[in-house]
Structure formats: structure tokens, C-alpha cells
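Values quoted throughout were computed directly from the atomic coordinates according to the rules given, and no laboratory measurement underlies them. Keep in mind that what you see is a predicted model, and the values were worked out from it rather than measured. For neighbour counting, all protein chains shown are included, and Cβ atoms are generated from backbone atoms with ideal geometry for every residue, glycine included.
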Amino acid sequence: MDNSNKIVPPHLNAEIYRTDTTGTNTISYLDYIAIHSDGSVLIGSSELTGRYWNGGVSVYKGIDNAKCVQNEEKRSIPLSSGTADGCFIGTSSKVLTCEDSGAVTVWANKNDAWNQWKEEISAAEHDDAALAVDCLEPDRLYVTSGADGNVKVWDITDMICIRNYGAAHSLMINALKVRPKSTTNFATGSMDEYVTLWDDNVDKPVLDIWKNDSCVRCISWMDEHSLLVGDEAGVLRLLDIRNIGDQVIVAEFPAPVHKLAVHPDGDKVAVCCDNKIVTVCQAELKCEPKVIYHDRHMHSNFVRGAAWDLEDKTILHTVGWNGDFKSHSVLFD
């Protein structure tokens, strides 16, 4: 049989899909919130449709400005992929983003006539999504973890990875937190069920703090010795890293624990799970834990991020996949 040299045009459906520009408005799934000491607010989002999986970051001058986030379509920083975590760097005119592409990027706003955010420096050295970031030394050293199971310490002055913990965990690392009052110690929590303590001066892990019985989803320090661990089974534990046998089950939730926000006073924690419920618990090693706030009505979709107000410590701010910014008044005893 002779080979056919006839050019076959694209299928009609494929051609329509290629040229169609209708229905491409993105929905902002708000993923995290951070509040700067000057009151500025950073909100990161993944903006997904069937055709585009983008993301963005919005920066507001204050809480009141941030409350209109659900009505805004344009982000301060548009991204070509989603973003799972981010933070301010020093001043509120500079931020760092972790992106689903594996990139870690520093953005700056020069406060010029255009008031635009511009990419200052970036590096894409994670082999999968960069999932978490925290600060070791303000303005200079930051540590990130990713879905590739790697942990990297960055000198963001030149965006150089000064220490790479390859295969730090055997599965994705969802959680990373720097130890209070330390510029070298940090803990990681992974889907491989381990919570591990690291030191920036050492090439290997210092200590496997805890081997959980299900995947670790989030961690947060209450103080330099007490570590909260939330897992896939919905259990929130408080561990004493000096004596792992001295632990407290703070609460058990009906869904995986996604994010924790420890109160500035250090004895209360806000909890977001894979549902629309916001919970605040009192957690101390020497006292019986209790739930002091519980809301299931303000959000209509998963709650993803939480941060305590810097001026009024009874106010908790949350963001979620419904695209809303909500404020909760938490009454303490």
C-alpha cells in the first residue's frame, strides 16, 4: 500500500478547544495567609480551571483591605503555577513564594509610580512542588521542603542553596517549622510518618522525634520543647521532644489536620482540617486540653490558612477555598 501524503486537518473539536477563549476565568482557592508586623497581609492562592493551573499572591496594606479579597480578580503577583506557602522577607515590600513548579522566588515592590511587584531572583531546584518555607535568619537564610522529599537551606541574597538534604524523607514533606529561639534547628513532618529534627550545621538528621502511625500533615512549635503534630487520621498531638513519652492528644478531628496557627501567647492553637470547620484548642503538656472555639458556618469550603491578629489577640483570620477572608472573635477564659 502506498503511503498517503495527504495532510489531515485537526479534528473539529480539537480546533474549537484550541481557539476557544470562553469560560477561562480562574477561581481563586486561597491557600495561606501571613501578617507582617506593620499590618500588611500576604495571601497566596492556587487558581485552577480545566485548562489552566495557575496561582497568585496578593499583598494588602492592612486587614480591612484584605477583606475584599473575594471581589478582586487581579493578583499582586501572578504565577504560572499554584503556590502552597510563602512569607514576607524583612519589610512588607519583599516576599518569598514556594511554587508548584518547584521554584522558590523572591519578589519585590519598589513602591514606584507603577507600584508593581517584580521578580527579583528565582531558583527551581526542587524536583517537585515546593510545599513549605520558614525563616532561619531574617533577610538571609530560609529553609524549604518539597514534594520531592528534599529539604533545602537558601541564602536568598543570591538565591544559592547552601545545604541540600537530599531524600530527607522518603515521601513528600508537607510541614516545616524553625524551632523557636534558634537560627539553626528546624523540624519537618512527612507523609512517610516521621517527624524529624535537623540542624543547619549538620549534614544528617539530628533526631527522629516521632514515628507516627499515619501520615504527618502539619507541625508547629508551642515553645522550644513542645511540638504539635497533626496527621492524616485527624489526630492532633502535643509532644515534649525531651521525653517523647510525655505527650498529650489535644483533639481528634473527623478529617486530616491541614494547618496550625499557634497563638502569640503560646498556649492556644487554631486548627484547620480538610473541611470547613475552624477550631481553637488550648494545649499544654501539664493541663487537660480543651476546645475553646468551634465554627462550621463562616466558610463554605475547605479552610486552608489561619493567622492571629497582631493588634487584637482575640481575633483569628482565616482563608479558604471558597475565596473568602473571614475573621473570628475567640473569647478566652
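Based on C-alpha pairs under 8 angstrom that are at least 6 apart in sequence, the chain has a relative contact order of 10 percent. Once the convex hull of all Cα atoms in the range 76-190 is built, its volume per residue stands at 88 Å³. Projecting the Cα atoms of M172, T184, Q247 onto the charge dipole of the chain (Cβ charges, centred on the Cα centre) puts M172 farthest toward the positive pole.
For every other residue with a beta carbon closer than 9 angstrom to the beta carbon of Y165, add +1 if it is Lys or Arg and -1 if Asp or Glu, then tell me the sum. Don't jump to the answer; show the numbers that get you there.
Working: positive: K152, R163, K204; negative: D203.
Counting the neighbours of Y165, the net charge comes to +2.
By the Cα gyration tensor, the range 270-333 has an equivalent ellipsoid whose semi-axes, rounded to whole angstrom, run 21, 14, 9 from largest to smallest.
Among the GluC sites (Glu not before Pro) within the range 91-182, not one is in coil by DSSP while having at most 15 neighbouring Cβ atoms inside 10 Å.
In this Cβ point-charge picture (+1 for Lys and Arg, -1 for Asp and Glu), the chain has a dipole of about 500 debye about its Cα centre.
Within the set of other residues whose C-beta is less than 10 Å from the C-beta of G82, count the net charge using Lys and Arg as +1 and Asp and Glu as -1. All intermediate terms of the calculation are to be shown ahead of the outcome.
Working: positive: none; negative: D31, E47, E99, D100.
Combined, the nearby Lys, Arg, Asp and Glu give -4.
Calculated on the Cα set of the range 130-178, radius of gyration then Dmax: 10.2, 30 Å. Summing Lys and Arg as +1 and Asp and Glu as -1 over all other residues whose Cβ lies under 12 Å from the Cβ of Y194 gives a net charge of -4. About its Cα centre, the dipole of the range 143-278 is roughly 180 debye, where the only charges are +1 on Lys and Arg Cβ and -1 on Asp and Glu Cβ.
The lysines whose alpha-carbon is closer than 20 Å to the alpha-carbon of K313, local same-chain residues fewer than 8 away aside, are K61, K67, K259, K268, K290, K326. Dividing the helix sum by the residues of the chain, where each DSSP H run of 4 or more adds -39500 (n - 2.57), gives a mean residue ellipticity at 222 nm of -1000 deg cm²/dmol.
Our summary of shape: the Cα atoms of the chain have principal axis extents of 81, 45, 44 Å, ordered from largest down, in whole angstrom.
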